[in-house]
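Enquirer: Input: one structure, supplied below.
The values are calculated or read from the model by the stated rules, or taken from the named source; none is laboratory data. Keep in mind that what you see is a predicted model, and the values were worked out from it rather than measured. Quick reminder, even Gly has a Cβ in these numbers, built from the backbone with ideal geometry, and neighbours come from all protein chains shown.
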Amino acid sequence: MDRTFVMVKPDGLQRGLVGEIVSRFERKGLKIVAARFEKLPESRVSDQYREHISKPFFPSLKQYIMGGPVFLMVWEGRNVVSIVRKVIGATNPQEAAPGTIRGDYGIDIGRNVIHASDSPESAAREIALHFKPEELCTYTRIDESVLYEY
C-alpha cells in the first residue's frame, strides 16, 4: 500500500470542515494511519513549501499557514496519491470540479482549504517532515478485502 500526506489548512479548520474531509477519504476506502492537530512552526512551513520560497506569494502563504492551527494526516491505500488528488480537486477552486473538496468548499486559490502531496516522492518527504516513523500506525481495515482485488 502507498501513503500520502494531507493537511487541512487554517481556513478549512476554521470553517469546521475537518470531519467532512476525513469522511470523504474514509468513504472512498482510504485508511488514515496518522493524524495531528497543531500550529506549524516557521521552519516546517518553509520546508513544506520549499519550492515556493522564491515566489512572490510565499510570504503571504507562510503567514496564512502559520496564522492558525492545521490538521495533518497520513492516508494509505493503493495509488493513494492519485486518488487523494482527484478527491481534493484542482489547486484553483474556480477550476475544481463540483464534488471535489476544493470545488465544493473553495473560492480563492489563496484559501483553498487543503493541501495534499502531488507525487509519491513528495508524499515521502512531507510525511517524514511532519511525522516520526513511530507515529504511523499499521493495521488492517475490516473492509479491505472488499475494497481491493488481490
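Enquirer: All but one of (1) exposed (fewer than 15 other Cβ atoms within 10 Å of the Cβ); (2) touching a helix residue (DSSP H, G or I) at 6+ places or on another chain (Cβ under 7 Å); (3) free of Cβ contacts under 8 Å to residues at least 12 places away in the same chain hold for SER119; state the number of the condition that does not hold.
Expert: SER119 satisfies every listed condition except (3).
Enquirer: Something else: Restricting to region 1-24, give me the number of residues that are in a loop (DSSP other than H, G, I, E, B) and either modelled with pLDDT of 95 or more or hydroxyl-bearing (Ser, Thr, Tyr) (or both).
Expert: 4
Enquirer: Can you tell me which residue within region 110-132, out of those that are part of a loop (DSSP other than H, G, I, E, B) and touching a Ser or Thr at 6+ places or on another chain (Cβ under 8 Å), is nearest to PHE25 (Cα to Cα)?
Expert: So, considering only residues that are part of a loop (DSSP other than H, G, I, E, B) and touching a Ser or Thr at 6+ places or on another chain (Cβ under 8 Å), the one nearest to PHE25 (Cα to Cα) is SER117.
Enquirer: A follow-up question, please. Which residue, of ARG27, ARG44, ARG50, is at pLDDT 95 or above, exposed (fewer than 14 other Cβ atoms within 10 Å of the Cβ) and more than 12 Å from the chain's Cα centre (by Cα)?
Expert: ARG27
Enquirer: Additional query: Pairs needed: first member in region 133-149, within 21 Å of VAL6 (Cα to Cα) and part of a helix (DSSP H, G or I); second member anywhere, among the charged types (D, E, K, R) and modelled with pLDDT under 95; C-beta distance under 6 Å; at least 6 residues apart or different chains.
Expert: No pair meets every condition.
Enquirer: For GLU126, indicate whether it is surrounded by 21 or more Cβ atoms within 10 Å (Cβ to Cβ) and modelled with pLDDT of 95 or more.
Expert: yes
Enquirer: Over 19 Å from ASN112 (Cβ atoms), hydroxyl-bearing (Ser, Thr, Tyr) and either out of contact with any Gly (no Cβ under 6 Å at 6 or more places or on another chain) or not in a strand (DSSP E or B) (or both), is that true of SER54?
Expert: Taking the combined requirement at face value, the residue satisfies it.
Enquirer: Hey, does region 92-109 have a residue that's part of a strand (DSSP E or B) and loosely packed, with under 15 Cβ neighbours inside 10 Å?
Expert: yes
Enquirer: Could you tell me whether region 63-77 includes any residue that is in a helix (DSSP H, G or I), among the hydroxyl-bearing types (Ser, Thr, Tyr) and surrounded by fewer than 15 Cβ atoms within 10 Å (Cβ to Cβ)?
Expert: no
Enquirer: I've got another one for you. May I ask you to verify whether LYS39 is in contact with a Pro (Cβ under 8 Å, 6 or more places away or on another chain) and under 19 Å from LYS132 (Cα atoms)?
Expert: Spelling it out, LYS39 is indeed in contact with a Pro (Cβ under 8 Å, 6 or more places away or on another chain) and under 19 Å from LYS132 (Cα atoms).
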